[in-house]
Amino acid sequence: MDFTLTDEQLAMREMAHDFAEKEIRPVAWEYDRDGTWPQKVIDKAWELGLMNAHLPVEYGGSGIGYLDGAIVEEELGWGCSGIATSLTCNGLAIVPVALAASEALKKEYLGRLSQGPLLASFCLTEPDAGSDVSAMKTTATRKGDRWVINGSKCFITNGEYADWYTVFAKTDKEAGHRGISCFVVPRDAGVVVDKHEDKMGQRASNTATITFPEVEIPLDHLIGEENQGFKLSMMTLDRTRPGVAAMATGVARAAMEMAQEYAKQRVQFGVPIAMHQAIQFMLADMATKVYLSRLAAYNAAVLLDQGKRNTLESSHAKRFAADSAMEVATDAVQVFGGYGFIKEYKVEKLMRDAKLLQLYEGTAQIQRMVIARETLLPRQGG
Ligand code: COS
């Protein structure tokens with residue numbers, strides 16, 4: 001495997017970096033402080049083609065590869081992981097549709113995303129079904145020529161602003177994970193946004209509770225086969241976790257750069273603190289973690305580009321990069337000493353932002369569960 005980037009990939013990285021530097025960073029701390037919605041940044045990113053990385057070409061997307069997507073996501077995460085989460089979260093909602101929906105659904109709903117800066121949300125988690133997906137209580141029942149969806153989903157990224165939702169619901173309550181199906185639900189079908197969460201970090205991303213009170217949708221809004229939704233949700237997460245790993249790499253890199261700069265300027269005991277071995281070792285560990293996080297993210301993404309199953313590598317990358325981002329950001333605050341705890345110094349935002357990387361798209365513990373299963377009982381074949 002050769003990770004030498006092509007000229008196109010280098011240009012893409014430069015464009016994403018430029019956007020992060022000029023459009024994201026100057027406003028990131030303000031959006032973080034106020035917890036407001038970065039619509040202006042979203043509009044600009046959409047214009048530049050930095051959203052919907054994996055929207056297939058036939059539905060108006062750029063159809064770039066997963067490695068290309070990871071390269072872009074690292075830069076956006078470097079800018080601000082809250083804004084990056086808002087910009088990239090369509091990916092979660094797109095994958096089940098792209099993988100399994102009918103041609104008509106793809107044309108209608110994927111097509112919409114290429115026509116304007118619209119958002120779509122992935123609705124899997126419920127108050128009593130987070131890590132344990134199959135414990136979900138939302139139901140979908142047939143009524144004549146309609147499906148009727150009933151239930152509530154929480155921690156839904158971009159939920160307040162989404163135009164449509166990919167919703168997982170029980171179609172057979174007795175069948176555990178084999179009784180879950182996946183649907184496209186347009187917002188105007190009667191979706192209710194209940195609650196906007198006030199978060200510790202990534203405050204520029206929107207997180208909402210969404211309710212489906214007897215929401216009726218046409219029968220053809222089922223994605224893929226009935227009762228095959230659980231696998232579709234897992235296949236989706238395999239495809240999106242490398243992007244989270246890349247974003248985590250960007251957060252870690254940003255924290256490391258801040259720590260390096262500060263360590264070169266801050267003088268204690270007559271020399272810049274970067275001259276002290278205790279600080280050098282912290283900076284060295286940061287550099288190793290950034291480097292390995294990127295390699296793991298790239299590796300998990302390249303397997304997808306090669307059409308291979310990447311469940312294990314995706315969890316390796318997501319767990320290592322998210323844990324590393326948290327460690328690097330925490331150590332970066334430590335390098336700043338007391339100043340690191342003061343908001344004016346900005347590095348504390350990265351520590352708050354990094355925490356969410358260990359929680360969403362499967363907690364650090366769920367990734368370890370997947371890694372343990374995949375290594376104790378390796379699957380046969382690809
Ligand atoms: N790809 C395809 N199929 C998969 C799969 C994957 N990555 N992972 C599991 N499956 C299949 C299994 O092969 C099994 O198939 P059969 O029905 O044919 O036996 C089925 O799905 C059930 O798998 P498993 O027994 O592993 O399911 P569990 O209920 O034990 O759940 C975990 C597995 C915990 C890994 C899963 O529920 C999970 O990832 N939870 C976290 C969810 C999450 O990330 N939430 C974040 C919110 S979304 S932003």
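Note on the stretch 194-219: residues that are on the phi < 0 side of the Ramachandran plot and out of contact with any helix residue (DSSP H, G or I) (no Cβ under 7 Å at 6 or more places or on another chain) total 15.
Run down 308, 318, 346 and say which single residue is at pLDDT below 95 and either assigned by TED's automatic domain parsing to the domain that holds residue 251 or open to solvent by less than 50 Å² (accessible area, probe 1.4 Å) (or both). First the steps, then the outcome.
Numbers: 308 fails: at pLDDT below 95; 318 fails: at pLDDT below 95.
The match here is 346.
Taking the stretch 39-52 as the range and being in contact (Cβ under 8 Å) with a residue 60 or more places away in the chain, among the aliphatic types (A, V, I, L, M) and part of a loop (DSSP other than H, G, I, E, B) as the test, only 51 passes. Contact map, the stretch 349-370: residues that are outside the structural domain of residue 133 (by TED's automatic domain parsing) and away from the ligand (no atom under 15 Å from the Cβ) paired with residues that are of a type in the set (Asp, Glu) and part of a helix (DSSP H, G or I), Cβ distance under 7 Å, separation 6+ or inter-chain. Pairs shown: 349/32.
Given the structure, is residue 210 crowded, with 16+ Cβ neighbours inside 10 Å, closer than 30 Å to residue 36 by Cβ and within 14 Å of the ligand (Cβ to nearest atom)?
Working: crowded, with 16+ Cβ neighbours inside 10 Å: yes; closer than 30 Å to residue 36 by Cβ: yes; within 14 Å of the ligand (Cβ to nearest atom): yes.
Yes; evaluated as a whole, the condition is true for this residue.
In the stretch 328-337, the condition of being outside the structural domain of residue 33 (by TED's automatic domain parsing), aromatic (Phe, Trp, Tyr) and within 24 Å of residue 83 (Cα to Cα) is met by no residue. When residue 332 is tested against the conditions (1) on the phi < 0 side of the Ramachandran plot; (2) touching a helix residue (DSSP H, G or I) at 6+ places or on another chain (Cβ under 8 Å); (3) of a type outside the set (Ser, Thr, Tyr); (4) within 16 Å of the ligand (Cβ to nearest atom), the lone failure is (4). Restricting the stretch 154-198 to residues that are among the small types (Gly, Ala, Ser) and in a helix (DSSP H, G or I) leaves a set whose member that is least open to solvent (accessible area, probe 1.4 Å) is 179. When the stretch 61-85 is filtered for residues that are hydrophobic (A, V, I, L, M, F, W, C) and under 18 Å from residue 310 (Cβ atoms), the ones remaining, listed by number, are 64, 67, 70, 71. Out of the residues in the stretch 117-149 that are open to solvent by 10 Å² or more (accessible area, probe 1.4 Å) and among the small types (Gly, Ala, Ser), state the one that is farthest from residue 169 (Cα to Cα). Checking each candidate, the answer is 144. Among residues of the stretch 320-338 that are farther than 18 Å from residue 363 by Cα, none has a Cβ under 6 angstrom from a residue that is open to solvent by less than 10 Å² (accessible area, probe 1.4 Å) and not in a helix (DSSP H, G or I) at a sequence gap of 6+ or on a separate chain. The number of residues in the stretch 234-263 that are within 16 Å of the ligand (Cβ to nearest atom) and within 30 Å of residue 275 (Cβ to Cβ) comes to 1.
The values are calculated or read from the model by the stated rules, or taken from the named source; none is laboratory data. All of these numbers come straight from a predicted model, not from anything done at the bench. Reconstructed Cβ throughout: ideal geometry from the backbone, glycine too, with neighbour counts over all protein chains shown. These area figures cover heavy atoms from the full protein model, side chains too; ligands, DNA and RNA do not enter into them. Shrake-Rupley method; radii C 1.70, N 1.55, O 1.52, S 1.80 Å.
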